[in-house]
Amino acid sequence: MLAKCHSGAVNGVEARTVEIEVCSCDGAPQFTIVGLPDQAVKEAKDRVSTAIVNSGFKKHEANVTVNLAPADLRKEGPIYDLPIAVALLAATGKIKADELGEFALAGELGLSGEVRRAQGILPIALEMRRIGKKGILVPAENAAEASVVAGIDVYPVRSLREAADFFTGALRIDPVFRDLAALVAEGDADADDFADVKGQEFAKRALEVAVAGGHNVLMIGSPGAGKTMLARRIPSILPPLTPEEALEVTRIHSVAGKLLGGRSLVTRRPFRAPHHTVSDCGLLGGGTHPLPGEVSLAHRGVLFLDEFPEFRRNVLEVMRQPLEDGHVAISRAAAACDFPSRFMLVAAMNPCPCGYADDPTHTCRCSQRQILAYRGKISGPLLDRIDIQLSLPPVPFRELISAPRGEPSSAIRARVVAARERQRRRFAGRPGIHCNADMRSRDLAEFCRLTAAGQERMRHLLLQLDLSARAYDRVLKVARTIADLAGSDDVTETHVLEASTWRELDRTYWA
């Protein structure tokens, strides 16, 4: 007897349809799984056989063959336990499941028959909706995650027995659904406020511009200048995720197994801050079975790298491609996959190894050679990809104790959201462009119109700062964002001047 159902195989952040065919026939009892399974899938026969017995069904005494199609797609992990077990019960006549082929299943089985959570359920649910499946049975712990996918019924199951009884009609399971737009709308939470930061108004303005346009930022200052404090408050002024972006980000976290504690959706823009000992694989992603790294987990959010020069040189250099292209292509012998990585880089560093090269109240103990070697850990091509470079002076003591509370994050965020809305309307119909930082070189002529005075000022800046072509494009993008914050359609000389003040470290630090 033959039984069929469907599941999915995750590749990168996408899923491909897998058809599970189970055939039971007379002959010497054996259990064979074919279709390019990895070791975890091969071991499913032992988990499935034991789970069936412990769920109250009689042990099968037949020649069983399980085919996972397509045969040229590698199947990995224990996610096929549940569909194999249910299809096997149907193929051996232990349950009658006439509609099994209309449903998809995914989940790991324990020896007791318990259905355990699995990674990558969200992309599988999206794929099953695409091919028109009536519903999908998922582990109860993954139900909230899959329930944000509209257009397909999601049924949570806690055991193999529940899944079997669902198909026989002995148990009614109500599908779960959660409104994606409502979840995103209620996703904001309290965060550290910019009002708590004393002084550093120049830096606050630069971060406002950076967030409004999605630009990369490098902050340089002595210890205690407030670099980390400012960076940790960036989430409070980030614009809210759109429902489409929330689903995109959640899919990455689902594949990485980061949706814990019953979370169904990533409702706030990610803020990732890996330690400087992270490996290139941890930052970029990879492994024998590739998983997303920090640059992908920060997709549509912020990647904060504190103590920037302390990261290994090879680790920093691997960021150049995702910073430019917005995705990471990983090739392994077992698989090749593509992870999105469109993030805003925020980096912080000291001006020298001891930290006090530019501090008027402390004496620097570093030699010129040590300072140059320290700064030289940041390569020119990587610096070119950082739009805004800030030098943060230490805040005077009298300002710390007497300065009033600054502007609250809510006011800054309102301006950021208004600027992002202008960009959304401008780039409507342009796939892949969500903010000014996403613009390609061919877009600048159309969307970054300079006034005559602005063109002349830009010409002087090119000669004065000796900017590369890439750095020139990035100054133009920052000027476009400043114009958006001011509500201007054209980029004027004033906007260009302000944007250029954040590129002067090219000359003073890395001349």
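The values are calculated or read from the model by the stated rules, or taken from the named source; none is laboratory data. As the structure is a computational prediction, the values presented were derived from the model and not from experiment. Quick reminder, even Gly has a Cβ in these numbers, built from the backbone with ideal geometry, and neighbours come from all protein chains shown. Quick note on the areas: whole protein, heavy atoms, side chains included, nothing else; ligands and nucleic acids left out. Shrake-Rupley method; radii C 1.70, N 1.55, O 1.52, S 1.80 Å.
Pull up all non-local amide H partners of VAL157: gap of 5 or more, or a different chain, and H-to-H distance under 5 Å with H placed in the peptide plane. Answer set, sorted by chain and number: VAL138, ALA140.
Which value, in Å², gives the accessible area per residue of the chain when a 1.4 Å probe is used on the protein heavy atoms?
I get 42 Å² per residue for the chain.
For region 121-243, the carbon plus sulfur part of the accessible surface works out to 48%, probe radius 1.4 Å.
Per residue, the convex hull around the alpha carbon atoms of region 325-455 comes to 249 Å³. Using θ = phi - 60° in the Karplus curve 6.51 cos²θ - 1.76 cosθ + 1.60, the 3J(HN,Hα) couplings for region 437-447 round to 5, 7, 4, 8, 4, 6, 7, 5, 4, 7, 9 Hz; x is entered for Gly and Pro.
Computed over all pairs of different Cα atoms, the Kirkwood value for the hydrodynamic radius of region 5-126 is 14.3 Å. Per the Debye calculation on the chain with a single equal scatterer at every Cα and no solvent contribution, log₁₀ I(q)/I(0) for q = 0.07, 0.08, 0.09, 0.13 Å⁻¹ amounts to -0.48, -0.60, -0.72, -1.15. Packing, as the average of other Cβ atoms within 10 Å across residues, places the peptides 33-44, 223-234, 5-16, 420-431 in the order 5-16, 223-234, 33-44, 420-431, highest first. Across all directions, the average flat footprint of the convex hull enclosing the Cα atoms of region 1-67 is 5.2 nm².
List the pairs from LYS75/LYS258; LYS42/LYS134; LYS133/LYS258; LYS198/LYS227; LYS42/LYS133 whose alpha-carbon separation is above 23 Å, in the order I gave them.
Result: LYS42/LYS134; LYS133/LYS258; LYS42/LYS133 exceed 23 Å.
When each of the peptides 445-452, 198-205 is scored by how many other beta carbons lie within 10 Å of its residues on average, the order from highest to lowest is 198-205, 445-452. For HIS327, the residues whose modelled amide H falls within less than 5 Å of its own, excluding neighbours fewer than 5 places apart on the same chain, are SER341.
Applied to region 146-154, the Karplus parametrisation 6.51 cos²θ - 1.76 cosθ + 1.60 on θ = phi - 60° returns per-residue 3J(HN,Hα) values of 6, 5, 7, 8, 7, x, 8, 6, 10 Hz, with x for Gly and Pro.
Across region 328-374, Cα-Cα pairs farther apart than 17 Å form 59% of the total. Backbone phi angles across region 75-82, fed through the Karplus curve with coefficients 6.51, -1.76 and 1.60 (θ = phi - 60°), yield HN-Hα couplings of 9, 10, x, x, 5, 8, 4, 5 Hz in residue order; Gly and Pro are listed as x. Database remark: amide H of PHE271 closer than 5 angstrom to the amide H of VAL302 (H placed geometrically; neighbours at sequence offset of 5 or more, or on other chains; Pro and chain starts carry no H).
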